[in-house]
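Structure first, then comments.
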Amino acid sequence: MQVKNPILGLCQQAKFALSAAKVDQCPDDQGYEVAFAGRSNAGKSSALNTLTHASLARTSKTPGRTQLLNFFSLDDERRLVDLPGYGYAKVPIPLKQHWQKHLEAYLGSRECLKGLILMMDVRHPMTDFDKMMLDWSQAAGMPMHILLTKADKLTFGAAKNTLLKVQSEIRKGWGDTVTIQLFSAPKRQGLEEAYGVLANWMELADKPTE
């Protein structure tokens with residue numbers, strides 16, 4: 001018998017559900033949601049597409065294209081949420097303010113939100129935005145898992161050193177409740193670890209299937 005993580009099958013059948021500009025346009029606040037956040041150039045959409053084995057999230061060479069809360073259903077009660085990319089300089093300030101207002105409303109109000117996956121470019125980790133999200137997750141008591149994306153852009157040794165350095169900085173500033181790993185979408189590096197986090201948050205970790 002081969003035991004397989006049940007979240008893998010769910011992610012492979014992920015389907016676009018809806019886009020919301022405001023919290024009151026979101027799906028019913030029930031079940032399990034895991035949200036994906038990150039600066040606009042941190043590889044968020046690529047990571048989502050790799051985890052779902054699909055092209056659900058829109059990737060672009062122009063960062064900042066994700067301007068809505070995009071919901072992808074895994075089954076009747078579990079969803080992944082692609083949050084608006086943050087911090088891209090060419091986005092007009094009023095639009096940035098709109099995103100911030102509704103992103104904060106979403107993060108602060110969704111009872112079904114079980115955890116936050118934060119993407120950081122391994123070459124440029126711990127930006128002001130990243131620290132703001134760490135502060136928010138700590139204040140809200142929200143579990144957070146960090147993907148240090150684009151790990152293939154560095155040698156293994158350099159990527160590992162960055163992982164240990166960021167891990168140390170987070171433990172000093174935010175305690176040991178935040179988990180972190182290396183991730184590469186093109187190399188499909190770190191998938192099993194990320195699936196394990198999703199399965200745990202969505203209460204699938206103890207339900208292996210054949």
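The values are calculated or read from the model by the stated rules, or taken from the named source; none is laboratory data. Treat the numbers as computed from the prediction; the structure is a model and nothing was measured. Counting neighbours? That spans all protein chains shown, and the Cβs are built from the backbone with ideal geometry, glycine included.
Mind listing just one residue for me: the one in segment 77-104 that is loosely packed, with under 15 Cβ neighbours inside 10 Å and modelled with pLDDT of 80 or more and, of those, nearest to LYS15 (Cα to Cα)? This residue is GLU77.
For the condition charged (D, E, K, R) and over 20 Å from GLY43 (Cα atoms), GLU193 does not qualify.
Restricting ALA47, ALA37, ALA54 to those that are at pLDDT below 95 and either surrounded by fewer than 21 Cβ atoms within 10 Å (Cβ to Cβ) or in a loop (DSSP other than H, G, I, E, B) (or both) reduces the list to ALA54.
For ASP128, the criteria (1) within 24 Å of TYR195 (Cα to Cα); (2) modelled with pLDDT of 80 or more hold in every case but one, which is (1). Restricting to segment 144-162, name every residue that is without any contact (Cβ under 8 Å) to a residue 40 or more places away in the chain and either buried (at least 21 other Cβ atoms within 10 Å of the Cβ) or within 24 Å of SER45 (Cβ to Cβ) (or both). Within segment 144-162, MET144, ILE146, LEU148, ALA151, ASP152, LYS153, LEU154, ALA159 meet the criteria.
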